[in-house]
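Reviewing the structure listed below.
The values are calculated or read from the model by the stated rules, or taken from the named source; none is laboratory data. These figures come from a predicted structure and were not determined experimentally. Here Cβ is always computed from backbone atoms with ideal geometry, including for glycine, and neighbour counts include all displayed protein chains.
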Amino acid sequence: MSFNNAVQDKTRTCFQDMIVYKDPTQNKFFASLSIPPYLRDWMIMRFADESGRINLDEVSEFVKKNIPGKKDWELLKSRMVNDAQRVRFLAKLQVEIDVRTGEGLFYLPDLGFPNRKHEAIVSNLVLRQNRKELLSDSETWGVIECEWSPIGLRGKEGDGAIYMTDYKIFQPYKIDVEYFQEARKEFTLDEWIDMLLLAVDYNPNGFLDTRQKLTLLSRLLPFVEKRVNLIELAPKGTGKSYLMSQISKYGWLVSGGSISRARLFYDISRNAPGLVSRYDYIAFDEIQTISFPDVDEIRGALKGYLESGEYRVGDKRGIGDAGLVLMGNISDEKMNEYASIFTELPYAFQESALIDRFHGFIKGWDIPRMRENMKAEGWALNVEYFSEVMHAMRNEIVYPALVDALLDVPGSGDTRDTTAIKRICSGFMKLLFPHVKRVEDIDKEEFRMYCLAPAIQMRSIIKCQLHLMDSEYSSTVPEIKIR
């Protein structure tokens, strides 16, 4: 039995209701339908036979019936308009507030509907009950119910509109975090690391060593730990965008273009909280192509938020738990953390006081380029369940307390350095040692190797770059030890 098979067998035994058989060929089929991995794995679970295989025709039929495409939309409209029926279906949607009328307007991007404004309206009750989920900049998946009314916003006949009369967010699982924590005891650490990689669609056999695996898993730190701020520079093709945009519906990817303070923090005109209040992390992808309308304004707002989690826009004061991740490409000849590499970041981030508020750096060049043999194949945790577990783990307060109890921090240590190292340690502990409840439960050598050492390394690169940007900053981190 190969090591990978042993991992799969344990995963099947411990998580029997939450596993899927991952197959790269099947994944291509779902990708062609524009279905994200968390929805893909839920559907595979629903239709798979005992061997984990699915009948693609059966799935196609389900998709046709429940996830309409553009070609099905006219028939659904006919049922609403001509037969006075309410229709229910699973869809990707986006909602915005119309400032002129105060109404919620919805848009179904996969169906190209509506063609004109005010043809698709969210009922006031649905908007009130689901405001947080619906009023997001990004698209969200949900089961919606719609009906047609001949009377639209202006209240007269001949001005009809389709109204959303019900909405349920796509969230098929109730999460038992304690069960997940207990299941960790059945795995060795190496097996658990491979189990996590399979959960996020990677084949452990495609990595050369544990260092490569841990670097990949460090991308998940903002999924499990509140307000972890990271910078990653990596060659193209190492899967940065995929992991940050496809694995969890609780993250948000900004890919190029201009982003304003209102969009990030609070939009006064829409009276709507910005991205940092609604997501677990915000990832700026292709950071070199992102711009800000007012650099000084965004720098000031980011410095305040990254420091304390608070923001102020006008007279509005708010808080957020989202971590900020900057992701950019780097060429082969520049991949050296001891040389000045933050010149690759846009001008807005060429300020040492702002960079100091980022906790750690991910050496993306330690992650292999995506090849066919790196795609998960075999039994694994389904992505949607695992992403829900990671989201729930953000609220577990025992881990930061354990990190405090384990570490001996020198009194002269810089507060930002110690905060960064502790926060990253806590994130690694949640990922790798979720079963630990007391200091006595943890193997201190494992904690040193897999939590403290990577945390110190990730922070050290930030400090080295800070020193190169501004010689006032020390290039070293405090000598933090285990008690």
Item checked: Enumeration of residues in the stretch 388-415 that are buried (at least 17 other Cβ atoms within 10 Å of the Cβ) and part of a helix (DSSP H, G or I) -> Glu388, Val389, Met390, His391, Met393, Tyr399, Pro400, Leu402, Val403, Leu406
Next item on the list: Please state which of the following conditions Ser245 fails to meet, knowing it meets all the rest: (1) of a type in the set (S, T, N, Q); (2) in a loop (DSSP other than H, G, I, E, B); (3) surrounded by fewer than 21 Cβ atoms within 10 Å (Cβ to Cβ).
Entry: (2)
Item checked: Hits in the stretch 46-66 - residues which are free of Cβ contacts under 8 Å to residues at least 40 places away in the same chain and touching a strand residue (DSSP E or B) at 6+ places or on another chain (Cβ under 8 Å) -> Ala48, Ser51, Arg53, Asn66
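Restricting to the stretch 257-311, and then to whatever is β-branched (Val, Ile, Thr) and outside any loop (DSSP other than H, G, I, E, B), can you tell me which residue is nearest to Leu354 (Cα to Cα)?
Among residues in the stretch 257-311 that are β-branched (Val, Ile, Thr) and outside any loop (DSSP other than H, G, I, E, B), the one nearest to Leu354 (Cα to Cα) is Ile298.
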Notebook entry, point to check: Given the residues Ser60, Ser32, Ser51, which is the only one that is at pLDDT below 90, out of contact with any Lys or Arg (no Cβ under 7 Å at 6 or more places or on another chain), surrounded by 12 or more Cβ atoms within 10 Å (Cβ to Cβ) and hydroxyl-bearing (Ser, Thr, Tyr)?
Noted result: Ser60
Check: If you check Glu182, Glu232, which single one turns out to be outside the structural domain of Ile421 (by TED's automatic domain parsing) and over 23 Å from the mean Cα position of the chain (by Cα)?
Finding: Glu182
Notebook entry, point to check: Taking the stretch 312-354 only, how many residues are assigned to a helix (DSSP H, G or I) and either within 18 Å of Val254 (Cβ to Cβ) or aliphatic (A, V, I, L, M) (or both)?
Noted result: 6
Next item on the list: Give Lys132, Lys71 a once-over and let me know the one that is more than 21 Å from Asn271 (Cα to Cα) and either touching a residue at least 12 places away in the same chain (Cβ under 8 Å) or of a type in the set (D, E, K, R) (or both).
Entry: Lys71
Margin query: One residue is enough: does the stretch 155-164 have a residue meeting the conditions surrounded by fewer than 17 Cβ atoms within 10 Å (Cβ to Cβ) and touching a strand residue (DSSP E or B) at 6+ places or on another chain (Cβ under 9 Å)?
Written below: yes
Margin query: Quick check on this structure: which one of Lys71, Lys92, Lys77 is under 30 Å from Ile151 (Cβ atoms), in a strand (DSSP E or B), among the basic types (Lys, Arg) and out of contact with any helix residue (DSSP H, G or I) (no Cβ under 6 Å at 6 or more places or on another chain)?
Written below: Lys92
